[in-house]
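Only one structure is covered here, and it is reproduced in the block below.
The values are calculated or read from the model by the stated rules, or taken from the named source; none is laboratory data. This is a predicted model, so every value here is computed, not measured. Here the Cβ positions follow ideal geometry from the backbone for every residue, glycine too, while neighbour counts run over all protein chains shown. All accessible areas refer to the heavy atoms of the entire protein, side chains included, with ligands and DNA or RNA removed. Shrake-Rupley method; radii C 1.70, N 1.55, O 1.52, S 1.80 Å.
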Amino acid sequence: MGTRNRVEEFRDRQGKSQGELAHAAGTSQARISQIERGESQPGVLLAQRIAKALYTTTDYLFPTNEEVA
């Protein structure tokens, strides 16, 4: 299992599809899906683009292990 993140939770709250988020972040829908399932971790630049597209911060979307425990 990969690291926990809040991308899907936050995307759903905003009513955005994976495709819409992917387009706004400059990546593919498949990549967003992998990130949401914890199968893949975004690099720093992609994490920043995802956070910007969701109007939040990378710290909120990708908390450290201590923050989710």
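The number of residues in region 1-33 being over 15 Å from PHE62 (Cβ atoms), in a helix (DSSP H, G or I) and of a type in the set (Gly, Ala, Ser) comes to 5.
As for region 34-42, it holds at least one residue that is without any contact (Cβ under 8 Å) to a residue 60 or more places away in the chain, among the polar types (S, T, N, Q) and assigned to a helix (DSSP H, G or I). Taken over region 15-54, the criterion of being open to solvent by 50 Å² or more (accessible area, probe 1.4 Å) and either in contact with a strand residue (DSSP E or B) (Cβ under 9 Å, 6 or more places away or on another chain) or at pLDDT below 95 (or both) is satisfied by ARG37, GLU39, GLN41.
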